[in-house]
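The values are calculated or read from the model by the stated rules, or taken from the named source; none is laboratory data. Note that the coordinates shown come from a computational prediction; the quantities given were computed from them, not determined experimentally. Heads up, the Cβs are rebuilt from the backbone with ideal geometry, glycines too, and the neighbour counts pull from every protein chain shown. Just the protein is used for accessible areas: all its heavy atoms, side chains included, with ligands, DNA and RNA removed. Shrake-Rupley method; radii C 1.70, N 1.55, O 1.52, S 1.80 Å.
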Amino acid sequence: MTEEILTTPLEQQEYTINMGPQHPSTHGVLRYVVSLKGEIVHKVEPHLGYIHRGIEKMCEKLTYPQIIHLTDRLDYLTAHINNHAVCLAVEGALQVEVPERVVYIRTIMDELNRIASHQLWWCAYGMDLGGLTCFFYGLRDREKILDIFEESCGSRLLHSYYTPGGLMKDINPNFQKRTKEFIKYFRKKLPEYDQLLTGNVIFQERTKGVGPLTKEEAISYGVTGPNGRASGFSCDVRKHHPYAAYDKVDFKEAFYTEGDTFHRYKARIDEMWESMKIIEQLVDNIPEGDYSAKMKAVIKLPEGEYFQRVEAAKGDFGIFIISDGNKTPYRVKFRSPNFCNLSCIDLLSKNFKIADLVAISGSLDLVIPDIDR
Amino acid sequence: MNNESLILFFIVAVVLVGGALVFSTFVPPSSTNPQKSETYECGIPTKGLSWLQFNVGYYLFAILFLVFDVETVFVFPWAVVMKDIGMVAFVEIVIFFFILILGLLYAWKKHALIWE
Amino acid sequence: MSNQELKEKIQALLPTAEFAEGGKWLTVVIPKEKIHSLCKSLKETPELAFDFLLCESGVDYPDKMAVFYHLESTLHRHMLVIKAIIPTRENPEIHTVSDLYQTANYHEREIWDFFGINFKNHPDMRRIFLDEISDNIGHPFRKDYQDEVNIIER
Amino acid sequence: MAFSIYDLTSFNQWVDKGLNSVMSPLWATITEMAIIGVVFLLFYAVVGLFLVYAERKICGFIQCRVGPNRVGPYGIFQTIADFIKLLMKELVPINKADKFLFNLAPFIIIIASMMALAAIPFAKGIHAIDFNIGIFYILAVSSMGVIGILLAGWSSNNKYSLIGAMRSGAQIVSYELSVGLSILTACIMFGSLQLSTIVESQADCWLIFRGHLPAFIAFLIYMIAATAETNRGPFDLAEAESELTAGFHTEYSGIKFAFFFLAEYMNMFLVASIAATIFWGGWMPLHIGHWTGFNMVMDFIPPAVWYLGKTAVIIWLMMWFKWTFPRLRIDQLLTLEWKYLLPINLLNILVMALVVLMGWHF
Amino acid sequence: MNVIKYISGIFKGIISLWKGLMVTGYYFVHPGEIVTQQYPENRKELKMFDAFKGEVTMPHNENNEHKCTGCGICEMNCPNGSIEIISKSVISEDGKKKRAIDQHIYHLDMCTFCELCIKSCPSKALVWGQEFEHAVYDRSKLTKILNKPGSTLMKGVE
């Protein structure tokens, strides 16, 4: 064995490490094959498909209301937003006008979901960098949002709350009160996140200048969401292709130009503030009315191709439906933001250390079921 | 107690570890299968050897450590007697440290303190 | 730029292109040979500047295959859908756009994995999701795909 | 024979005399040795178990949790239950490992921490071996632990372990310097390397007050470096769980893993007690100048309590650090040592020497 | 200037670390902020929200009657076949043959809690149950028959 080591020239001895599928930092069954030179990452190759379930194929056999519960399971942290995309696509194809109440509730739910997703990302990111306490603070605050969801939707994670034409059921009477309470609570807790992690000198050293992504690269790699916006790629669907009630509210697009790990982090923190602002503008003005438009019992989309974009917490979530006029779609494709965000991991982590790879892949906020679909 | 009784602590430690290891080898139930005794690499069979020549930026740090550790050894006796000797010792150590810090600054400027 | 203006611009670029109306965005239907040149000129023409490939999806029709490209211009904020028709279902092949849009790299690997559409000049044409499965399993998103074990018809 | 809890020297002499009166000197020595061995073994185990429990409780409170609370009241028997569980676990053999070194590593780690324990003065009269170069001895022996970590990482034949071991090597080698130099500040003040002398000379005023600024800086540097020496967060690069799964002890299972765990906590106890001994006066009570009444009240508290209390506070500080800060990267770790701690330390020694020479201390 | 930057860097770093320590220190000395619940002990106080989706149940009244007519819409609407209806024909009071359910089988292990069966039921025969402790040792125990033995259709439900 010793001879084997000594006879191989040093240049050819590539140190290959599998990170994942069972690894604490990949947050799921993602596998990186990392080639190392010393501690320097030479090449990262993601291996996907460990939880590929063929959701797009399954959708071809299901009716449109039945698709909803599968989209929950794409990016399970933003189930509401995924549902929203399907609903908007179907409503747009059928030219259904949904009641104003539904639009408002959907927008609030989406933003709450976005905060919840970013909270979970924040705590997991703190854990990736070794600050385990962050994990508990983030989850503690996320519980409050999940309680709001549970009260109205009946479930905490996989809601299946939206349905083509409206909502499954009306919101709980406590919804507005609880939401306002949460905003008040979270406005106090969010600065604590900054004190604990953002301002910390170790954290700043670990993240500033690590894994930079330029605007051109971000556009070319299709990196959207907070990751793209940190690089200066203005890609907020809520701004550029407004849907739901986003054209009625005033909010800023979290925007940075540096594009490194720290600014991806900052973009998400800013987005939490903006989401709270959006919710505050809407929560008191939910109009009275029906919680669902009248829909036919069997929904059939006219023949054609439909694409609907929404801004999920991770980026630009799209659903592409090709209908042949039947009650089931002919083909469904999900444009999952994580799939595109992942594609730049090799570019980002080249020539950084293995500890930086963890920081970079954490800052991309990958959710593996969304990548594998 | 005299210094020779240090051996006692050595024995205690060996007994502690050895006893527990022997106990744990024979008493607990055990079952083996090929996967169990494989090296852990996130559930994937290891590719290649892990005992490769591994390129770490040890060399300069080892040298620097050696320099400063030897220096520490020199300074310890000085520290003990400094009070008795007085100002002369202080001036001497200032010169000594000046040279040392110069060396450190040199290494710093030469970017030797960057781990690769 | 409105759909009508886009239509005129693209007609000037590619006179043989057909247009499908009705959707939110303009859809251009082109044969597969033209895809790379069209994308290149769409990206490089300053008043079009389609620099962001949002989505690339393969479709299996009964008699042909198609690849849909959803393009957006991050400068002008207009969108365009390109439908590239591949007339055959046996060993379909199309030119890659991954040299123009890096994100197409993964999307094209996915389409190869699920539909078996081969992308010419792609730097890394391998299966992306199903590469760890040992036996040759075909391309499962094709409509005629048979799998008695895992697909249960209701 | 009267003996008090304030001075246990007489108790030791009484035991010695009693044993010598009933048996031959050789057998008396052997019995004494056996008693001391058993006492230290028990102490080692109890401290280890208690610290694990304390850490879990403290991190629980910091993280808005309650910590262990199922086994016994407030979960105080949790670690004992865990220990029994670990003892009853199978030792998984690793095919590709270097078997001899793989088994040797836990021995080295435990031996290093156990032998360092010998030189710690616990209270007046409870001091196993009072070396005249006590500080030097502790520094030498406790740095032996890194060999165990290196062996563990190398022999596992696991890529994560190897990287962890390599990191740990560079880390401990570097921080060894800072520990030594910051302790040296104390030696300048006391002019001695003997731990009992150091404690005695702090009878009126602890070093951290006596040496004011330089002593305080030295204490801070010692805390940072000592945390790094023990491989604890934020310096736990050798076992960085989000990067290297479990680092150097990835392949260890059952009781072998428990020894690494135990050694980590014992090392923490050791560096904390050294800090308490050198900077906070060991088992000496807190005395403030001429406040005779206050000093007498302080004297009333037994020395062993003082010693354990100070150690506990320092251990709590280290736990507080660990559960607050994110982990450093390896190059930052070395930057911190070579570009910050080392130059500051060298200057600090000069300042301390000047303070001592000029008599600017209290 | 490098020296000033170096020294101010040290102080800034220490202050930022101290801020973090204050946050964790605050929670350490405030046990009132503890948020964990002691689960099996708090079963009595633990109340789920009304909308909580625990499992699909079929409520029966005191005469052992339910509202399910056995129409099969829920079975049709279920996306993954968690519901199976076995129907039988019964002779009603006026002598006509009528379809009724024999067994309404519900596979809890396959259910994704999408609520489509409950929403689509024309006679509101299905409601959410609040039970959430579904852990069992055998998967077959998760297959449940929702109508109780000997139950009949409630009067007035078509």
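Residues of the stretch D:93-116 that are at the interface with chain B (Cβ under 7 Å from one of its Cβ atoms) and within 16 Å of the chain's Cα centre (by Cα): D:110, D:111, D:114, D:115. Filtered by the rule that a residue be closer than 30 Å to residue A:40 by Cβ, touching a residue at least 60 places away in the same chain (Cβ under 8 Å) and open to solvent by 10 Å² or more (accessible area, probe 1.4 Å), the stretch A:219-255 gives a lone residue, A:221.
So in the stretch E:101-144, with the set limited to residues that are β-branched (Val, Ile, Thr) and in contact with a strand residue (DSSP E or B) (Cβ under 8 Å, 6 or more places away or on another chain), which one is nearest to the other protein chains (Cβ to nearest Cβ)?
Filtering the stretch E:101-144 down to residues β-branched (Val, Ile, Thr) leaves E:101, E:105, E:112, E:118, E:127, E:136, E:143.
Imposing the further condition that a residue be in contact with a strand residue (DSSP E or B) (Cβ under 8 Å, 6 or more places away or on another chain) reduces the set to E:101, E:105, E:118, E:127, E:143.
On the way: E:101: 20, E:105: 16, E:118: 9, E:127: 11, E:143: 17 Å.
Residue satisfying both the conditions and the ranking: E:118.
Of all the listed residues (A:155, A:117), the sole one being without any contact (Cβ under 8 Å) to a residue 12 or more places away in the chain and either among the hydroxyl-bearing types (Ser, Thr, Tyr) or open to solvent by less than 20 Å² (accessible area, probe 1.4 Å) (or both) is A:155. Residues that are polar (S, T, N, Q) and on the phi > 0 side of the Ramachandran plot within the stretch C:47-97 comprise just one, C:91.
Counting only strands (runs of 3 or more DSSP E) that sit wholly inside the stretch E:23-121, those with at least 3 residues that are open to solvent by 20 Å² or more (accessible area, probe 1.4 Å) are E:83-91, E:97-107. Looking at this structure, is residue D:181 within 25 Å of residue D:214 (Cα to Cα) and either assigned to a loop (DSSP other than H, G, I, E, B) or within 7 Å of chain B (Cβ to nearest Cβ) (or both)? Spelling it out, residue D:181 is indeed within 25 Å of residue D:214 (Cα to Cα) and either assigned to a loop (DSSP other than H, G, I, E, B) or within 7 Å of chain B (Cβ to nearest Cβ) (or both).
Of all residues in the stretch A:172-185, those satisfying the criterion of being open to solvent by less than 20 Å² (accessible area, probe 1.4 Å) and within 15 Å of residue A:104 (Cα to Cα) are A:175, A:179. Scanning for something in a helix (DSSP H, G or I) and within 14 Å of chain C (Cβ to nearest Cβ), does the stretch A:60-83 turn up at least one residue? Within the stretch A:60-83, one or more residues are in a helix (DSSP H, G or I) and within 14 Å of chain C (Cβ to nearest Cβ).
Name the residue that is nearest to residue C:57 (Cα to Cα), counting only residues in the stretch A:308-330 that are more than 19 Å from the chain's Cα centre (by Cα) and open to solvent by 10 Å² or more (accessible area, probe 1.4 Å). Walk me through it before giving the result.
Step one: list which residues in the stretch A:308-330 are more than 19 Å from the chain's Cα centre (by Cα), which gives A:321-330.
With the extra rule that they be open to solvent by 10 Å² or more (accessible area, probe 1.4 Å), the set shrinks to A:324-328, A:330.
Details: A:324: 17, A:325: 20, A:326: 21, A:327: 21, A:328: 18, A:330: 13 Å.
Looking at residues that are more than 19 Å from the chain's Cα centre (by Cα) and open to solvent by 10 Å² or more (accessible area, probe 1.4 Å), I get A:330.
What residue, among those in the stretch A:343-362 that are of a type outside the set (Gly, Ala, Ser), away from chain C (no Cβ under 14 Å) and open to solvent by less than 10 Å² (accessible area, probe 1.4 Å), is nearest to residue A:214 (Cα to Cα)? Taking the candidates together, the pick is A:360.
From A:216, A:258, which residue is in a helix (DSSP H, G or I), of a type in the set (D, E, K, R) and surrounded by fewer than 23 Cβ atoms within 10 Å (Cβ to Cβ)?
So the residue among A:216, A:258 that is in a helix (DSSP H, G or I), of a type in the set (D, E, K, R) and surrounded by fewer than 23 Cβ atoms within 10 Å (Cβ to Cβ) is A:216.
Do you know which of the residues in the stretch D:134-145 that are open to solvent by 30 Å² or more (accessible area, probe 1.4 Å) and in contact with a Leu (Cβ under 7 Å, 6 or more places away or on another chain) is farthest from the other protein chains (Cβ to nearest Cβ)? Break it down into steps so the answer makes sense when it comes.
First pass over the stretch D:134-145, keeping only residues open to solvent by 30 Å² or more (accessible area, probe 1.4 Å): D:136, D:140, D:142-144.
Those still in the list that are in contact with a Leu (Cβ under 7 Å, 6 or more places away or on another chain) too: D:136, D:142.
Numbers: D:136: 7, D:142: 13 Å.
Out of the qualifying residues, it is D:142.
Counting the residues of the stretch D:198-234 that are without any contact (Cβ under 8 Å) to a residue 24 or more places away in the chain and not in a helix (DSSP H, G or I) gives 1.
Do the conditions hold for residue D:302, that is, is it without any contact (Cβ under 8 Å) to a residue 24 or more places away in the chain, surrounded by fewer than 24 Cβ atoms within 10 Å (Cβ to Cβ), within 22 Å of the chain's Cα centre (by Cα) and in the same structural domain as residue D:215 (by TED's automatic domain parsing)? Walk me through it before giving the result.
Details: without any contact (Cβ under 8 Å) to a residue 24 or more places away in the chain: no; surrounded by fewer than 24 Cβ atoms within 10 Å (Cβ to Cβ): yes; within 22 Å of the chain's Cα centre (by Cα): yes; in the same structural domain as residue D:215 (by TED's automatic domain parsing): yes.
It is false that residue D:302 is without any contact (Cβ under 8 Å) to a residue 24 or more places away in the chain, surrounded by fewer than 24 Cβ atoms within 10 Å (Cβ to Cβ), within 22 Å of the chain's Cα centre (by Cα) and in the same structural domain as residue D:215 (by TED's automatic domain parsing).
Of all residues in the stretch B:12-26 being open to solvent by 50 Å² or more (accessible area, probe 1.4 Å) and more than 7 Å from chain D (Cβ to nearest Cβ), which is nearest to residue D:41 (Cα to Cα)? Within the stretch B:12-26, the match that is nearest to residue D:41 (Cα to Cα) is B:15. Name the single residue, out of those in the stretch D:117-133 being among the small types (Gly, Ala, Ser) and away from every other protein chain (no Cβ under 11 Å), that is least open to solvent (accessible area, probe 1.4 Å). So, considering only residues that are among the small types (Gly, Ala, Ser) and away from every other protein chain (no Cβ under 11 Å), the one least open to solvent (accessible area, probe 1.4 Å) is D:123.
Reported count of residues in the stretch C:85-105, each being touching a Pro at 6+ places or on another chain (Cβ under 9 Å) and either at pLDDT below 85 or closer than 25 Å to residue A:224 by Cβ (or both), is 5.
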